[in-house]
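The values are calculated or read from the model by the stated rules, or taken from the named source; none is laboratory data. Everything quoted here is computed from the prediction, not taken from an experiment. Here the Cβ is made from the backbone with ideal geometry for all residues, glycine too, and neighbour counts use every protein chain on show.
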Amino acid sequence: MKRWVMVALAAGLVLAGCGAGNTAATGSSAPARVPVTVLAAASLQDVFTTVKPQFEAANSGADLRFSFGGSSALAQQIVNGAPADVFASADEAQMKVVQNAGKAAGTPRPFVTNVLTIVVPPGNPKGIHSFADLAKPGVIEVVCAPQVPCGAATTKIEQVTRIKLSPASEEQDVRSVLSKVEAKVADAGLVYVTDARSAAGKVQEVNFPEASKAINTYPIVAIKNSPHAQLAQAFVTFVLSSAVQHELASAGFGPA
């Protein structure tokens with residue numbers, strides 16, 4: 001009897017060993033996902049995050065990784081050698097920084113436009129109804145820093161209207177401006193119409209005609225020497241596709 005028990009135990013160990021070997025083989029056969037790093041303007045965060053699953057489904061193994069922020073800061077990161085496969089800027093000036101540094105793979109493609117609007121807390125407690133109202137005594141407004149595309153647009157509107165603002169702070173990206181108005185730290189802020197739409201219910205939008213004097217065009221390009229050049233170019237093509245253009249239009253972006 002003891003002999004049969006020992007044989008049975010030995011057989012069980014052999015089978016267990018075979019099972020473990022098969023599991024390991026199955027696990028090792030899973031394809032590795034390829035990271036595709038996209039540095040993009042903060043105002044693109046909602047749409048790019050929404051369409052991420054579509055791109056990954058169409059490009060098996062791709063793993064989109066976004067870094068959103070002010071275009072000026074992102075451009076400098078690329079110039080300084082930060083890992084990146086694609087750059088989507090909120091204006092052509094910051095894309096030019098990347099081009100002049102020899103970092104762009106090919107010619108950047110414009111894909112949308114955007115304009116500024118005023119956002120205020122719900123109820124508009126300070127009665128802001130025009131760009132000129134931002135300069136009224138007692139109004140605390142926040143804007144983007146001049147080097148950031150939304151800040152450059154603000155400066156252009158100041159020049160056109162000859163109205164000089166005295167902001168309480170100059171933020172490094174448009175979402176930081178939006179968050180201060182949402183938190184009621186500021187009475188008003190200048191953001192893109194797309195950001196105002198994304199925060200519907202949390203802020204109130206005040207359009208002003210002078211915004212048309214500072215339309216920002218967004219370009220996109222693959223980065224030279226990208227470790228995943230084919231997927232980088234695939235994402236650029238994807239952003240220019242009708243499906244993504246529809247998502248961008250729904251978010252409030254204008255055609256390029």
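Among the conditions (1) at pLDDT 95 or above; (2) farther than 29 Å from L190 by Cβ; (3) in contact with a Gly (Cβ under 8 Å, 6 or more places away or on another chain), P31 misses just one, which is (1). For T154, the stated conditions do not hold, so it cannot be described as part of a strand (DSSP E or B) and either modelled with pLDDT of 95 or more or under 21 Å from E171 (Cβ atoms) (or both).
Condition check ((1) without any contact (Cβ under 8 Å) to a residue 40 or more places away in the chain; (2) crowded, with 18+ Cβ neighbours inside 10 Å; (3) not assigned by TED's automatic domain parsing to the domain that holds L240) across all residues:
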residue: Q94; (1), (2), (3): no, yes, no
residue: A104; (1), (2), (3): no, yes, no
residue: G127; (1), (2), (3): yes, no, yes
residue: C144; (1), (2), (3): no, yes, yes
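Please verify whether the range 216-223 includes one or more residues that are small (G, A, S), assigned to a strand (DSSP E or B), out of contact with any strand residue (DSSP E or B) (no Cβ under 8 Å at 6 or more places or on another chain) and closer than 19 Å to L44 by Cα. Within the range 216-223, none of the residues are small (G, A, S), assigned to a strand (DSSP E or B), out of contact with any strand residue (DSSP E or B) (no Cβ under 8 Å at 6 or more places or on another chain) and closer than 19 Å to L44 by Cα.
For A82, the criteria (1) among the hydrophobic types (A, V, I, L, M, F, W, C); (2) in a loop (DSSP other than H, G, I, E, B); (3) crowded, with 22+ Cβ neighbours inside 10 Å hold in every case but one, which is (3). With respect to the stated conditions, A188 fails to be in contact with a strand residue (DSSP E or B) (Cβ under 6 Å, 6 or more places away or on another chain), farther than 19 Å from V139 by Cα and not β-branched (V, I, T). Being among the hydroxyl-bearing types (S, T, Y) and either assigned by TED's automatic domain parsing to the domain that holds T154 or loosely packed, with under 14 Cβ neighbours inside 10 Å (or both) holds for only one residue in S60, S72, S43, and it is S60. Taking the options L240, L231, name whichever one is more than 15 Å from the chain's Cα centre (by Cα), surrounded by 17 or more Cβ atoms within 10 Å (Cβ to Cβ) and either under 30 Å from P108 (Cα atoms) or not hydroxyl-bearing (S, T, Y) (or both). Only one candidate passes the filter, namely L231. Consider the range 157-167 and keep the residues that are surrounded by 16 or more Cβ atoms within 10 Å (Cβ to Cβ) and not in a helix (DSSP H, G or I). The one that is farthest from the chain's Cα centre (by Cα) is L165. Here is a list of conditions, (1) in a strand (DSSP E or B); (2) free of Cβ contacts under 8 Å to residues at least 40 places away in the same chain; (3) not aromatic (F, W, Y), and Q76 meets all of them except one; can you say which number that is? Of the numbered conditions (1) in a strand (DSSP E or B); (2) free of Cβ contacts under 8 Å to residues at least 40 places away in the same chain; (3) not aromatic (F, W, Y), the odd one out for Q76 is (1).
Please specify each residue of the range 85-122 satisfying the condition of being in a loop (DSSP other than H, G, I, E, B) and in contact with a strand residue (DSSP E or B) (Cβ under 9 Å, 6 or more places away or on another chain). Correct list: D85, S89, A90, D91, K103, V115, P121, P122.
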